[in-house]
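One structure is given here, and the rest of the page talks about it.
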Amino acid sequence: MDVTEHGLGIATAVNQLVQTGLATHRAIGELLGMHPTDLAAIGHLAAEGPMTQEQLRQRLRLGKGSMTALVTRLERAGHIRRAPHPSDGRASLLAATDQVVQAREASRHRMTQALAAAADRRTPAEREAIAAFLRDAAEIQRRMVSELLERTARAAKG
């Protein structure tokens with residue numbers, strides 16, 4: 001596939017956006033006094049709702065020991081709470097506390113407002129094109145992650 005100079009320029013801009021997004025994530029974690037992995041855990045719980053420790057572990061791609069330490073750390077800090085699982089008496093559900101979700105959202109509010117203002121400066125057609133491109137880019141990244149994880153799993157099997 002031949003790639004145009006315009007396409008490469010947009011790909012470069014997306015890569016810059018990803019890098020600044022990662023830097024923003026780290027800065028929010030520092031502001032809240034949380035490790036980036038802790039913040040990622042809170043992000044999953046805030047976006048997806050309560051889930052088991054195993055479900056969260058799979059999303060974060062952590063080992064069982066690391067996951068136990070993370071949950072203990074977040075629970076002691078008051079960032080998550082456990083509740084009995086409604087159908088599995090052996091499991092519990094983890095949920096982000098309202099306080100940490102509100103703190104996370106407050107720290108992201110300024111960025112969200114600035115991005116919305118930038119979008120508002122575009123025409124409706126431009127906004128739709130940008131949104132469509134970003135959805136495509138997200139799907140490309142999801143496929144890339146899946147492929148990389150599959151290659152990692154194959155390599156681990158030998």
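The values are calculated or read from the model by the stated rules, or taken from the named source; none is laboratory data. Since the structure is predicted, the reported quantities are computational estimates derived from the model, not experimental observations. Note that we place each Cβ from the backbone using ideal geometry, even for glycine, and neighbour counts take in every protein chain shown.
Please verify whether Thr112 is out of contact with any Pro (no Cβ under 6 Å at 6 or more places or on another chain) and either of a type in the set (Gly, Ala, Ser) or assigned by TED's automatic domain parsing to the domain that holds Pro50 (or both), treating the condition exactly as stated.
Details: out of contact with any Pro (no Cβ under 6 Å at 6 or more places or on another chain): yes; either of a type in the set (Gly, Ala, Ser) or assigned by TED's automatic domain parsing to the domain that holds Pro50 (or both): yes.
Judged against the criteria, Thr112 is a match.
For the condition out of contact with any Lys or Arg (no Cβ under 6 Å at 6 or more places or on another chain), closer than 26 Å to Thr152 by Cα and assigned by TED's automatic domain parsing to the domain that holds Ser107, what is the one hit in Ala47, Ala41?
On the way: Ala47 fails: closer than 26 Å to Thr152 by Cα.
On inspection, the qualifying residue turns out to be Ala41.
Given the conditions (1) among the β-branched types (Val, Ile, Thr); (2) free of Cβ contacts under 8 Å to residues at least 12 places away in the same chain; (3) more than 19 Å from Ala137 (Cα to Cα), which single one is not true for Val71?
Single failed check for Val71: (2).
If I go through region 127-137 residue by residue, how many of them are closer than 29 Å to Ala27 by Cβ and either among the acidic types (Asp, Glu) or surrounded by 13 or more Cβ atoms within 10 Å (Cβ to Cβ) (or both)?
4
What residue, of Arg76, Arg81, Arg57, Arg90, is over 12 Å from the mean Cα position of the chain (by Cα) and under 25 Å from Leu149 (Cβ atoms)?
On the way: Arg76 fails: under 25 Å from Leu149 (Cβ atoms); Arg81 fails: under 25 Å from Leu149 (Cβ atoms); Arg90 fails: under 25 Å from Leu149 (Cβ atoms).
Result: Arg57 is the single residue among Arg76, Arg81, Arg57, Arg90 that is over 12 Å from the mean Cα position of the chain (by Cα) and under 25 Å from Leu149 (Cβ atoms).
If you take the residues in region 87-109 that are at pLDDT 90 or above and part of a loop (DSSP other than H, G, I, E, B), which one is surrounded by the most Cβ atoms within 10 Å (Cβ to Cβ)?
Thr97
Considering every residue within region 109-124, establish whether at least one is within 22 Å of Asn15 (Cβ to Cβ), within 16 Å of the chain's Cα centre (by Cα) and in contact (Cβ under 8 Å) with a residue 12 or more places away in the chain. Talk me through it step by step, then tell me what you get.
Filtering region 109-124 for residues within 22 Å of Asn15 (Cβ to Cβ) gives 111-112, 114-115, 118-119, 122.
Narrowing the set further to residues that are within 16 Å of the chain's Cα centre (by Cα) leaves 111-112.
Adding the requirement that they be in contact (Cβ under 8 Å) with a residue 12 or more places away in the chain leaves 111.
Yes, region 109-124 contains a residue that is within 22 Å of Asn15 (Cβ to Cβ), within 16 Å of the chain's Cα centre (by Cα) and in contact (Cβ under 8 Å) with a residue 12 or more places away in the chain.
Quick one: what pairs do we get from region 21-36, first residue within 14 Å of Glu105 (Cα to Cα), second among the small types (Gly, Ala, Ser) and part of a helix (DSSP H, G or I), C-beta under 8 Å, 6+ apart or different chains?
Every condition considered, the pairs that remain are His25/Ala40; Ile28/Ser107; Leu31/Ser107; Leu32/Ala103; Leu32/Ser107.
Among the residues of region 143-158, is there at least one that is on the phi > 0 side of the Ramachandran plot and not aliphatic (A, V, I, L, M)?
We begin by selecting, within region 143-158, every residue on the phi > 0 side of the Ramachandran plot; these are 158.
When the remaining residues are screened for being not aliphatic (A, V, I, L, M), the result is 158.
The answer is yes, given that some residue of region 143-158 is on the phi > 0 side of the Ramachandran plot and not aliphatic (A, V, I, L, M).
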